[in-house]
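K.L.:
This structure is in structure tokens; I'll ask about it shortly.
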Amino acid sequence: MKSFRKLSFRKRKDDQSMVSSSSTSSKRNLLNLNSFKSIKNDKLQKDKALASARHDGLTLETLPPKFQNDPSVVSAAIAQNPLALRFASDKLKNDRKIVTNAVEQDGLTLKYASENLRNDGKVVSAALKQNGMALEFVSEKLRDRKDIVEKAVESAPKSLKFASEELRGDKAIVLIAVR
């Protein structure tokens, strides 16, 4: 009976943290939306957006679109949390410098980059250097390049499953994966 209580308590604690996380996100949305309506000065708005992004990069999601398209605000958000790339404008998801900053911290953020940058050898190499599993988000064309797949498989052997069919059968690459 004692172990049942512990399990029950753990379950409740997990549920509470999920509720807390959800309500935090809702509060974040409400605070940002309301606070920007009341500020008429553009410079003050940008200062508030920068402060918000530096404190919690994921607040980029709740900022007005003009800040999701502002390179300095998006860069600040990504510096705090590279997953903020997800909430950047499409224009900035196609900005090599911004995307490279994100993938150097978390290679899997390549998922949120433009198709153009998922086909860019330098950006892809930076992502794979950080996490070979980012091969999943690389363009089909680059998944067929031996040097790209080798880089991914060296750091994450399981990434072989994302390589082109031809390279999944390449003896040299398979040997790297099983080392």
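K.L.:
Quick one: if the Förster radius is 35 Å, what FRET efficiency do Lys129 and Asn69 give, using the C-beta to C-beta distance and rounding to 0.05? Before the final figure, lay out the partial values.
P.N.:
Numbers: r = 28 Å, r/R0 = 0.81.
In this case the efficiency is close to 0.80.
K.L.:
Can you tell me how much longer the chain between Asn94 and Glu140 gets when fully stretched, taken as 0.36 nm per residue apart minus their C-alpha distance, in nm with one decimal? Mind dumping the intermediate values first?
P.N.:
On the way: separation 46, 0.36 × 46 = 16.56 nm, distance 1.78 nm.
Length difference between fully extended and current span is 14.8 nm.
K.L.:
Quick check for me: using +1 on Lys/Arg Cβ and -1 on Asp/Glu Cβ, what's the dipole size of the range 84-138 about its Cα centre, in debye to the nearest 20?
P.N.:
Numbers: 9 positive and 7 negative charges, 21 e Å.
Roughly 100 debye, rounded to the nearest 20.
K.L.:
Tell me the carbon and sulfur percent of the accessible area for the range 55-179, rounded to whole percent, probe radius 1.4 Å.
P.N.:
Details: 3070 of 6360 Å².
Carbon-and-sulfur percentage of accessible area, whole number: 48.
K.L.:
Compute the FRET efficiency between Asp42 and Ala79 as 1/(1 + (r/R0)^6), taking r as their Cβ-Cβ distance and R0 = 30 Å, and round to the nearest 0.05. Please report the intermediate quantities before stating the final value.
P.N.:
Numbers: r = 23 Å, r/R0 = 0.75.
Using R0 = 30 Å, I get an efficiency of 0.85.
K.L.:
Now a separate question. Within the range 56-115, list the GluC sites (Glu not before Pro) lying in a DSSP loop whose Cβ has at most 13 other Cβ atoms in a 10 Å radius. Let's see the in-between values first.
P.N.:
Details: sites: Glu61, Glu104, Glu115; in loops: none.
Those that pass, being in a loop and sparsely packed, number zero.
K.L.:
Can you pull the one-decimal nm distance between simple spin-label points at Arg168 and Leu58, each 7 Å off the Cα toward Cβ?
P.N.:
For Arg168 paired with Leu58, the spin-label model returns 3.3 nm.
K.L.:
Which entries of Lys91/Lys111; Lys97/Lys122; Lys93/Lys146; Lys129/Lys158; Lys48/Lys97 have Cα-Cα distances beyond 19 Å here? List each step's numbers first, then the result.
P.N.:
Numbers: Lys91/Lys111 15 Å; Lys97/Lys122 11 Å; Lys93/Lys146 26 Å; Lys129/Lys158 15 Å; Lys48/Lys97 23 Å.
The pairs that break the limit, which is 19 Å between Cα atoms, are Lys93/Lys146; Lys48/Lys97.
The values are calculated or read from the model by the stated rules, or taken from the named source; none is laboratory data. Note that the structure is predicted; figures quoted are calculated from it, not measured. Every residue, glycine as well, gets a Cβ built from its backbone with ideal geometry; the counts of neighbours run over all protein chains shown. What goes into the accessible areas is simple: the full protein's heavy atoms, side chains included, and nothing from ligands, DNA or RNA. Shrake-Rupley method; radii C 1.70, N 1.55, O 1.52, S 1.80 Å.
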